[in-house]
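Data block below; observations after.
The values are calculated or read from the model by the stated rules, or taken from the named source; none is laboratory data. This is a predicted model, so every value here is computed, not measured. Neighbour counts run over all protein chains shown; Cβ positions are idealised from the backbone, glycine included.
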Amino acid sequence: MSKIFIYAEYQVSIPFTEINWEPINVDMKKFPGLKSKTWLSGLNTNSVGGFYEFDSVENAQNYIDNLLIPFVKQVNGNLSVKLFDGDVTKEASLGMDSAFYNS
C-alpha cells in the first residue's frame, strides 16, 4: 500500500480557536511519509482531529505511536484512530474528483 489515510479524533473539548496549531504543524512535518493533514473541528462538540495521508502503513503507525498517543496522554483525553487503504479506493475517488488523487 502506498496511500494510507488516518482519521484521528481527540475528545478533549478544546475549542479549535484555543489550540496553538502552528508549533504542532511544525512537529508533524518532521514525521517521515506524512503527505498532508486536514484539521477537523467537531460541530457542537469541540472535539479536534484530522484527516492525514501517509505513504505507508509503517510511517502512519510511527506517527500514531510517537505523536498522537503521547499527545492524548499529555492532555488527558481520549483518542480514536482509524487507518484506511487509499490504494483500493483510487478509481472510485478519481470518479469523485478527490483532491487526494491525481488522474
>> Could you check region 61-88 and list, in sequence order, the residues that are within 13 Å of the chain's Cα centre (by Cα), surrounded by 12 or more Cβ atoms within 10 Å (Cβ to Cβ) and farther than 16 Å from D27 by Cβ?
In response: Q61, L79, S80, V81, L83, F84
> Filter region 67-103 for residues that are closer than 23 Å to S47 by Cα and β-branched (V, I, T); which is modelled with the lowest pLDDT?
Replying inline: V75
>> Just the residues that are surrounded by 15 or more Cβ atoms within 10 Å (Cβ to Cβ) and of a type in the set (V, I, T), please, taken from region 10-19.
In response: V12, I14
>> Take the conditions over 17 Å from the mean Cα position of the chain (by Cα), in a helix (DSSP H, G or I), surrounded by fewer than 12 Cβ atoms within 10 Å (Cβ to Cβ) and not small (G, A, S) and apply them to E91. Does it pass?
In response: yes
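This table checks each residue for (1) closer than 13 Å to Y7 by Cβ; (2) modelled with pLDDT under 95; (3) of a type outside the set (F, W, Y).
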position: F31; (1), (2), (3): no, no, no
position: L34; (1), (2), (3): no, no, yes
position: G49; (1), (2), (3): yes, yes, yes
position: V57; (1), (2), (3): no, no, yes
position: D65; (1), (2), (3): no, no, yes
> Does region 93-100 contain at least one residue that is under 13 Å from F5 (Cβ atoms) and touching a residue at least 12 places away in the same chain (Cβ under 8 Å)?
Replying inline: yes
> On the given criteria, is E22 acidic (D, E), exposed (fewer than 10 other Cβ atoms within 10 Å of the Cβ) and over 14 Å from the mean Cα position of the chain (by Cα)?
Replying inline: yes
>> If I ask for residues that are within 22 Å of F16 (Cβ to Cβ) and among the aliphatic types (A, V, I, L, M), which ones from region 28-80 would you list?
In response: M28, L34, L40, L43, V48, I64, L67, L68, I69, V72, V75, L79
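A quick yes/no check of all residues on (1) exposed (fewer than 14 other Cβ atoms within 10 Å of the Cβ); (2) of a type in the set (S, T, Y); (3) touching a residue at least 60 places away in the same chain (Cβ under 8 Å):
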residue: A8; (1), (2), (3): no, no, yes
residue: K29; (1), (2), (3): yes, no, no
residue: K37; (1), (2), (3): no, no, no
residue: Y52; (1), (2), (3): no, yes, no
